[in-house]
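See below for the structure under consideration.
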Amino acid sequence: MSGRRRRRDRSRRLAWAGWGLLVVLLVANLATALGGGAADAPQRLLTTEIVQAAGFWVPLVFAVGMSLAGYFWASRAYSLHPRSSLLWARRGYVFTLAAAAALALACIDAELFPRAWFAVLAATAVGGQSLFFGVLAFREHRRAESIEGHRPPAEGAERSAARDAAR
């Protein structure tokens, strides 16, 4: 079995395990809500606070992990072939790390950062990341257009042009 197939099978099993865990948690949440235990016990396994915390921290941790990996990959690619679009990618990854740290700090310490400005900070983080990766995509688009314009025509196009000239 090839290494690629093993990785694909492993990632498939991991995805199924994640979805299975989600289904088990939702079923357990429904069972505890309908079960009606003691009066002082919580009625649900998944409370609104837990869902909100997971909804904030899981994407934030994922963004930090992907930014670190992306910065590493962009740096390695830049050392092999220096292009300005890779510099924009690295800037975007660093901005994402800084925005994630600011969002985590704003969520942890309410006195340091007023809650009324939390949405502004989140919108700024998303907008800044979109700006950096939008510039990256634009530079890659322009680069692809310039390469396409300088590429020699295909062999079939040359032959048909020669036939048209001979007639």
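The values are calculated or read from the model by the stated rules, or taken from the named source; none is laboratory data. Model, not experiment: these values are computed from the prediction. Backbone-built Cβ (ideal geometry, glycine too); neighbour counts: all protein chains shown. The area values use the complete protein model at the heavy-atom level, side chains included, leaving out ligands, DNA and RNA. Shrake-Rupley method; radii C 1.70, N 1.55, O 1.52, S 1.80 Å.
Considering every residue within the stretch 61-72, establish whether at least one is modelled with pLDDT of 80 or more and not in a helix (DSSP H, G or I).
No - not one qualifying residue is present in the stretch 61-72.
Where residues in the stretch 103-139 are loosely packed, with under 14 Cβ neighbours inside 10 Å and charged (D, E, K, R), which of them is modelled with the lowest pLDDT?
Arg115
Is one or more of the residues making up the stretch 65-79 within 17 Å of Val135 (Cβ to Cβ), open to solvent by 70 Å² or more (accessible area, probe 1.4 Å) and touching a Phe, Trp or Tyr at 6+ places or on another chain (Cβ under 8 Å)?
For the stretch 65-79, residues within 17 Å of Val135 (Cβ to Cβ), open to solvent by 70 Å² or more (accessible area, probe 1.4 Å) and touching a Phe, Trp or Tyr at 6+ places or on another chain (Cβ under 8 Å): present.
Of everything in the stretch 44-60, what is assigned to a helix (DSSP H, G or I) and open to solvent by less than 80 Å² (accessible area, probe 1.4 Å)? Give them in sequence order.
Thr48, Ala53, Ala54, Gly55, Phe56, Pro59, Leu60 - these are the residues of the stretch 44-60 that are assigned to a helix (DSSP H, G or I) and open to solvent by less than 80 Å² (accessible area, probe 1.4 Å).
Given Arg163, Arg143, which one is part of a helix (DSSP H, G or I), modelled with pLDDT of 70 or more, more than 30 Å from Pro59 (Cα to Cα) and not aliphatic (A, V, I, L, M)?
So the residue among Arg163, Arg143 that is part of a helix (DSSP H, G or I), modelled with pLDDT of 70 or more, more than 30 Å from Pro59 (Cα to Cα) and not aliphatic (A, V, I, L, M) is Arg143.
Of the residues that sit in the stretch 80-98 and are hydrophobic (A, V, I, L, M, F, W, C) and over 17 Å from Gly134 (Cα atoms), which one is surrounded by the most Cβ atoms within 10 Å (Cβ to Cβ)?
Per the criteria, the residue is Leu97.
Inside the stretch 79-127, can you point out the residues that are out of contact with any Ser or Thr (no Cβ under 8 Å at 6 or more places or on another chain) and of a type in the set (Phe, Trp, Tyr)?
Trp88, Phe95, Phe113, Trp117, Phe118
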